[in-house]
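Only one structure is covered here, and it is reproduced in the block below.
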Number of protein chains: 2
Amino acid sequence: MSQTNGTDGATKPKPQYDPDFTSSVIKATGPKANPRVAQVVGSLIQHLHDFARDVDLTVDEWMMGVNMINRAGQMSNERRNEGQLLCDVIGLESLVDEITNKQLVGADYEATKTAILGPFFRHDTPPTKNDTSIIKTMPKDGEVTYMHGIVRDAATNEPLKGITIDIWQCSTNGLYEQQDPEQAEFNLRGKLTTDENGYYGLYCLRPVPYPVPDDGPGGELLQLLDRHPYRPAHIHIIAGSDKYTPLTTQIFDKTSKYLAEDSVFAVKDDLVVDFVPVQGKENASLELTYDIKLAKIL
Amino acid sequence: MSQTNGTDGATKPKPQYDPDFTSSVIKATGPKANPRVAQVVGSLIQHLHDFARDVDLTVDEWMMGVNMINRAGQMSNERRNEGQLLCDVIGLESLVDEITNKQLVGADYEATKTAILGPFFRHDTPPTKNDTSIIKTMPKDGEVTYMHGIVRDAATNEPLKGITIDIWQCSTNGLYEQQDPEQAEFNLRGKLTTDENGYYGLYCLRPVPYPVPDDGPGGELLQLLDRHPYRPAHIHIIAGSDKYTPLTTQIFDKTSKYLAEDSVFAVKDDLVVDFVPVQGKENASLELTYDIKLAKIL
């Protein structure tokens, strides 16, 4: 990379940069470094240096990036992870999600597709009974949806009992409960367990599109790239057990705006679902049937 | 990159990752983005994605990196720039310094070599008269050095009058004045101007090696890589004027430890200098002659 001249062959040839510099930095790693750390950081050094040479990155441009990263850290706390958001905006979380899942599940991958965790999951959601509602604070414009399905083994198709399913979504104002003092704690969060037929069911809201927080470096980067901050309407799911690889995913309303231009690149065709009008349910106007296939832990 | 299998040809083939993902992220950039921003961020996305695929980066590993970056930001303030230090440890500041300088000065580069600015420069150092001392707080083990030289035009060799020279160094305890309440403000900082003969001269200390701050993510990264935090003994210089490209550099004591293993990769052979015993100077035991060549602003 550092050796090539510009391909236009015109006025200004690309400067020759020291061809030994990057290898000298990588070789500085000591013999007692963990081999995986040495591999990962070594590759990161190679790729970041190649990037800097490819675009002839200047000190001022690099320093703008350093400032952006420092400010992202300063903005992060228990309720917000701006470093993660910067990665999401450039598709990195979605990519490592794909990589991790293919590593875990292997080549015979027939399980439900994954999607990124995002920054709004809570580990401490209390258990929820099947067929109850996770709506603790009902918004005026909420459309109640009966969401249900069967969890199966991806290889045998057998229904799976005792699978834990975490489900979370934002309210119709685009805010998750921890972002919004008007919502009850754990509003729109459930932690269900499948019964002996593999069944889970709950009452939730039809999701809405919302913008990722755009008042920090993540929003600046989106603006610099002439992109909007919106995510299509979705519901988050984590399903798994001690025998089945935990599946982290999101399902997307097929009628939602921004399906083709998710600001964090999480949409996959297999994860697009259909909310349909429901008959004979007093407490819901819509129904969403969503089955899940899990891969056994290898 | 994402298409290749592992080269060992053994048990586990490398997973196939979506070959269209990275280009879809790059193509999301809108038409109104500044072309240079689109180029730089597009290249960064390509190289970071290639890195993630090359090492099969997992979500947990990526999240460790995000946490490190967030903590670096949280530790940064006016006196400390931990994001910059992380870059320094992987050689990135030294590389963008080389790139920037070759862009500015062009191919006919005969000027003094550059080195990184580092985080301890102060813009507000008051002017210093030639042949005075910048030592305001004298350490017990300090060796006073008469440092002097001529500043010349790199092309014509003509001595240059009116060049501003910022010089700064740490004390023998390895701390710069803003890190150390025991040192007077602006201790070991000077801002000289060359006279009609291109001459500058001052009294300073023989420099000592010191560790970069290693109580944060920068230090963690060094430890993970089994590397020490030390820098070889050096003095910082910025020289320039409105007609001559400002030169940022460091000069290194040729007898110093760590010359071949600077923790931030700033040493270049041309920047290694000789401190010699001086005769007939009451107020200095050593002498350092250092001439500087500047390139005209193009």
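The values are calculated or read from the model by the stated rules, or taken from the named source; none is laboratory data. Since this is a predicted model, take the numbers as computed values, not measurements. All Cβ positions, even for glycine, are placed from backbone atoms using ideal geometry, and neighbour counts span all protein chains on display. The accessibility values were calculated without ligands, DNA or RNA, using every heavy atom of the protein model including side chains. Shrake-Rupley method; radii C 1.70, N 1.55, O 1.52, S 1.80 Å.
State yes or no: is B:GLU98 among the charged types (D, E, K, R), closer than 29 Å to B:LEU294 by Cβ and at the interface with chain A (Cβ under 7 Å from one of its Cβ atoms)? So B:GLU98 passes the test.
Restricting attention to region A:18-62, the residues that are in contact with a helix residue (DSSP H, G or I) (Cβ under 8 Å, 6 or more places away or on another chain) and either open to solvent by less than 50 Å² (accessible area, probe 1.4 Å) or of a type in the set (S, T, N, Q) (or both) total 27. Among residues of region A:28-48 that are assigned to a helix (DSSP H, G or I), those with a beta-carbon under 7 Å from a residue that is of a type in the set (Phe, Trp, Tyr) and buried (at least 18 other Cβ atoms within 10 Å of the Cβ) at least six positions away or on a different chain give the pairs A:SER43/B:PHE51; A:LEU44/B:PHE51; A:HIS47/B:PHE51. Beta carbons closer than 8 Å, at least 6 apart along the sequence or on distinct chains, pair a first residue in region A:61-74 that is in contact (Cβ under 8 Å) with a residue 12 or more places away in the chain with a second that is assigned to a helix (DSSP H, G or I) and open to solvent by 30 Å² or more (accessible area, probe 1.4 Å) for A:MET68/A:GLU220; A:ILE69/B:ILE69; A:ALA72/B:ILE69.
A:ASN157 fulfils the conditions (1) in a strand (DSSP E or B); (2) of a type in the set (S, T, N, Q); (3) at positive phi except for a single criterion, (1). Just one of the numbered conditions (1) open to solvent by less than 60 Å² (accessible area, probe 1.4 Å); (2) farther than 18 Å from B:ILE238 by Cα; (3) not in a strand (DSSP E or B) is not true of B:THR145: (3).
Any idea how many residues of region B:214-252 are under 16 Å from the mean Cα position of the chain (by Cα), within 30 Å of B:ASP153 (Cβ to Cβ) and assigned to a strand (DSSP E or B)? Residues that pass the stated criteria total 12. Taken over region B:83-95, the criterion of being more than 8 Å from chain A (Cβ to nearest Cβ) and open to solvent by 10 Å² or more (accessible area, probe 1.4 Å) is satisfied by B:LEU85, B:LEU86.
Which residues, counting only those in region B:45-82, are within 23 Å of the chain's Cα centre (by Cα), at the interface with chain A (Cβ under 7 Å from one of its Cβ atoms) and closer than 24 Å to A:GLY118 by Cβ? Within region B:45-82, B:ILE69, B:ASN70, B:ARG71, B:ALA72, B:GLY73, B:GLN74 qualify. Taking first residues from region A:209-222 that are within 14 Å of chain B (Cβ to nearest Cβ) and partners that are among the hydroxyl-bearing types (Ser, Thr, Tyr) and open to solvent by less than 40 Å² (accessible area, probe 1.4 Å), the Cβ contacts under 7 Å between residues at least 6 apart in sequence or on separate chains come to A:VAL212/A:SER263; A:LEU222/A:SER263. Checking the structure you have, find out if any residue of region B:5-17 is facing another protein chain (nearest Cβ under 7 Å) and either modelled with pLDDT of 95 or more or touching a strand residue (DSSP E or B) at 6+ places or on another chain (Cβ under 6 Å) (or both). Checked against the condition, which is being facing another protein chain (nearest Cβ under 7 Å) and either modelled with pLDDT of 95 or more or touching a strand residue (DSSP E or B) at 6+ places or on another chain (Cβ under 6 Å) (or both), region B:5-17 yields no hits at all. Under the condition of being small (Gly, Ala, Ser) and buried (at least 17 other Cβ atoms within 10 Å of the Cβ), the residues counted in region B:150-173 number 2.
Taken over region A:253-270, the criterion of being open to solvent by less than 40 Å² (accessible area, probe 1.4 Å) and either in a strand (DSSP E or B) or at pLDDT below 95 (or both) is satisfied by A:ASP253 alone. On inspection, B:TYR258 passes the criterion of being under 20 Å from the mean Cα position of the chain (by Cα) and on the phi > 0 side of the Ramachandran plot. For the structure I just gave you, tell me whether A:LYS296 is open to solvent by 10 Å² or more (accessible area, probe 1.4 Å) and touching a residue at least 40 places away in the same chain (Cβ under 8 Å). Here the answer is yes, as A:LYS296 does meet what is asked.
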